[in-house]
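Below: one structure, written as structure tokens.
The values are calculated or read from the model by the stated rules, or taken from the named source; none is laboratory data. What you are looking at is a predicted structure, and each value in this text was computed from that prediction instead of being measured. Cβ placement follows ideal geometry from the backbone for every residue including glycine, while neighbour counts extend to all protein chains displayed. Remember, those area values only see protein heavy atoms, side chains included, never the ligands or the DNA or RNA. Shrake-Rupley method; radii C 1.70, N 1.55, O 1.52, S 1.80 Å.
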Amino acid sequence: MNFELKVQMPQTAPVVFNYSELKAQLETALADYSTRVYTEDMLSEAKEDSAKLNKLKTAIDNERKARKKEYMKPFETFEDQAKELCELIDKANAGIKGQLDSFEEKRIAEKQERIEALFADIVSNYDVAFLSLEMIMNDKWLNKTTSEKTIATEIVEACEKITRDLEVIK
């Protein structure tokens, strides 16, 4: 199964507008505003100036948003189609993952049974009848990479430690 995604993106021209001209005009006009000092008597004029600046900023920002939306339309179509393809793959993969999870659950259940049998066999050689597997169980024992030999060694070590501790207590 070999699929190749081929995407052709047309060379888009940069967005051109009278940036330099507007910037020069704004810098000149805004220099006056940044140094202007308003008094309480000029409160209505200050509010009016602030409103003008906010209106200008909003106009520029709204134009930017409108152009961005227009500019992004071809990409949004591609993005929606790519997401649709990914959903198709996810649906197919869900069945496989379900089976893999089922196999892993079965493997863990079988290993748990082997650990329980190993525990019962080892504990029978020690005077620790009160000891349960849950008391010393290590979750890593259920890992695929943890060998039964390692598990047996750890169970033996736990039994011997408990036996020594009981002797100390006696």
Exercise. Residue 16: loosely packed, with under 11 Cβ neighbours inside 10 Å, in contact (Cβ under 8 Å) with a residue 12 or more places away in the chain and out of contact with any Lys or Arg (no Cβ under 7 Å at 6 or more places or on another chain), yes or no?
Worked result: no
Problem set entry | Residue that is farthest from the chain's Cα centre (by Cα), among those in the range 95-109 that are more than 22 Å from residue 140 (Cα to Cα) and open to solvent by 60 Å² or more (accessible area, probe 1.4 Å) | 99
Seminar exercise, completed: Given (1) in a helix (DSSP H, G or I); (2) more than 30 Å from residue 26 (Cβ to Cβ), residue 72 misses just (2)
Seminar exercise, completed: Screening 49, 32, 41 for residues that are at pLDDT below 90 and in a helix (DSSP H, G or I) leaves only 32
Seminar exercise, completed: Selection from the range 20-43 of residues surrounded by 11 or more Cβ atoms within 10 Å (Cβ to Cβ) and among the hydrophobic types (A, V, I, L, M, F, W, C) yields 22, 24, 26, 29, 30, 42
